[in-house]
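Visitor: Quick one: this structure, given as structure tokens, is what I'll be asking you about.
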Amino acid sequence: MTENVNAIELPKVPLFDVGEGEPIILLHGLFGNLSNWGQVAFEFTATHRVLIPRLPLYSTPLTRERLDSLVDYVENFIEAMGLERVTLMGNSLGGHIALLYAWRHPEKVKKLVLAGSSGLTENSFGGTFPRVKDYAYIRERVENTFYKRDVVTKQLVDEVYETVQNRTRTLSIIGLARAAQRHNVADMLREINTPTLLIWGRQDTITPPEVALEFHDLLPRSQVIFLDQCGHVPMMEHPKLFNQHVRIFLEQ
């Protein structure tokens with residue numbers, strides 16, 4: 001455990017902890033509701049123990065590198081849950097955190113699955129919110145995250161809108177988005193020998209397909225799969241296809 005173990009209080013229970021077998025940890029992005037792992041989580045509970053922690057995006061210490069604080073949190077979460085080796089799946093910022101953890105603890109990570117990960121180049125959804133009171137504007141920003149607009153429900157937009165009405169949370173989101181853009185992982189990727197599956201939306205405008213190819217070039221043991229008619233959150237837009245590719249990768 002790191003010396004910052006008490007910097008962020010761990011939750012008494014994760015958001016989701018179901019199943020038995022080898023553990024899979026699912027890491028959400030800046031907006032947990034935009035990185036909804038529900039259909040992935042339930043797919044794998046028959047064969048794995050699936051856990052979803054709530055990353056403390058709004059309470060990371062401002063006095064140190066905020067991404068490091070989130071990696072500390074994942075580190076302490078894994079230890080608190082008594083897990084030995086895990087598969088990490090991360091979307092957007094969650095993928096970034098998964099990569100940093102795998103670089104820090106290669107012996108603890110069996111496999112990585114990254115979807116629209118930050119860490120190289122991104123047009124961040126959370127980079128700025130000039131019109132937080134404008135519901136139509138927030139809906140447009142949410143819709144631009146996806147290719148399939150039918151995924152964008154009113155509940156989804158309402159959750160984002162409610163989040164950004166809180167000034168403290170909005171500033172935290174903006175701060176983390178900017179920290180992710182500054183924290184380029186290119187130099188450390190060649191040191192990550194963990195088998196990695198990159199699943200990317202071909203129409204992702206936040207982390208475009210060329211970003212996936214750059215990850216693929218830099219990660220020594222990676223494979224990349226593109227899903228057509230798909231934006232930044234492939235596990236929500238094409239859950240069945242996403243799960244099929246993940247299962248094949250896990251069974252290899």
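Visitor: Quick one: how many Å² of F42 are accessible to a 1.4 Å probe, rounded to 10?
Guide: Its heavy atoms expose roughly 140 Å² to the probe.
Visitor: In the chain, if the dipole is taken from +1 on Lys/Arg beta carbons and -1 on Asp/Glu beta carbons about the Cα centre, which of G38, L114, V152 is farthest to the positive end?
Guide: Most positive-ward Cα: V152.
Visitor: Could you give the size of the charge dipole of segment 134-203 about its Cα centre, using +1 on the Cβ of each K and R and -1 on the Cβ of each D and E, expressed in debye and rounded to the nearest 20? It would help to have the intermediate numbers written out before the result.
Guide: Values: 11 positive and 9 negative charges, 25 e Å.
That gives segment 134-203 a dipole magnitude of about 120 debye.
Visitor: Something else: Based on the alpha carbon coordinates of the chain, what radius of gyration and maximum Cα-Cα distance (Dmax) apply, in Å?
Guide: When restricted to the Cα atoms of the chain, Rg and Dmax are 16.8, 48 Å.
Visitor: If you average the sequence gap of Cα pairs under 8 Å that are 6 or more apart and divide by the length of the chain, what percent do you get for the contact order?
Guide: 21
Visitor: In this model, which of K111/K148; K108/K154; K111/K133; K111/K240 are farther than 31 Å apart at the alpha-carbon? Can you show the working numbers first?
Guide: Values: K111/K148 29 Å; K108/K154 39 Å; K111/K133 41 Å; K111/K240 20 Å.
Result: K108/K154; K111/K133 exceed 31 Å.
Visitor: Which of the peptides 189-195, 176-182 is most tightly packed, and how do the rest follow, judged by the mean count of other Cβ atoms within 10 Å per residue?
Guide: Working: 189-195: 16.6, 176-182: 18.7.
The most tightly packed comes first, giving 176-182, 189-195.
Visitor: Treating the beta-carbon of each Lys and Arg as +1 and of each Asp and Glu as -1, no other charges, what is the dipole magnitude of segment 198-252 about its Cα centre, to the nearest 20 debye?
Guide: Numbers: 4 positive and 7 negative charges, 47 e Å.
Roughly 220 debye for segment 198-252.
Visitor: Give me the accessible area per residue for the chain, probe 1.4 Å, as a whole number in Å². Mind showing how you got there, number by number?
Guide: Working: 11270 Å² over 252 residues.
That works out to 45 Å² for each residue.
Visitor: Which whole DSSP H helices in the chain pass both tests: a Cα extent of 20 Å or more along the axis and a mean Kyte-Doolittle value no lower than -1.0? Intermediate results must be reported in sequence, preceding the final value.
Guide: Working: long enough: 66-80 (21 Å, 0.07); 167-182 (22 Å, -0.13).
Helices meeting the criterion: 66-80, 167-182.
Visitor: Antiparallel versus total DSSP beta bridges in the chain: what percent is that, nearest 5? Walk me through the numbers before you get to the answer.
Guide: On the way: 3 of 26 bridges.
Bridges in the chain are about 10 percent antiparallel.
Visitor: Quick one: order T45, T207 from most to least accessible surface, probe 1.4 Å. Each step should come with its number before you reach the end.
Guide: Numbers: T45 30, T207 0 Å².
Per-residue accessible area, sorted high to low, gives T45, T207.
Visitor: Taking N as the number of residues in segment 102-202, what value does Rg over Cα atoms divided by 2.2 N^0.38 Å take?
Guide: On the way: Rg = 16.4 Å, N = 101, 2.2 N^0.38 = 12.7 Å.
Scaled against compact globular proteins, the figure is 1.29.
Visitor: Continuing with this model, one more query. N166: net charge of surrounding residues, Cβ under 15 Å, Lys/Arg +1, Asp/Glu -1, itself excluded? Please list the in-between numbers first.
Guide: Details: positive: K133, R167, R169; negative: D158, E159, E162.
Local net charge: 0.
The values are calculated or read from the model by the stated rules, or taken from the named source; none is laboratory data. Remember, predicted model here, so these are calculated numbers, not experimental data. We place every Cβ from the backbone using ideal geometry, glycine too, and count neighbours over all the protein chains shown. SASA here: full protein model, heavy atoms, side chains in, ligands and nucleic acids out. Shrake-Rupley method; radii C 1.70, N 1.55, O 1.52, S 1.80 Å.
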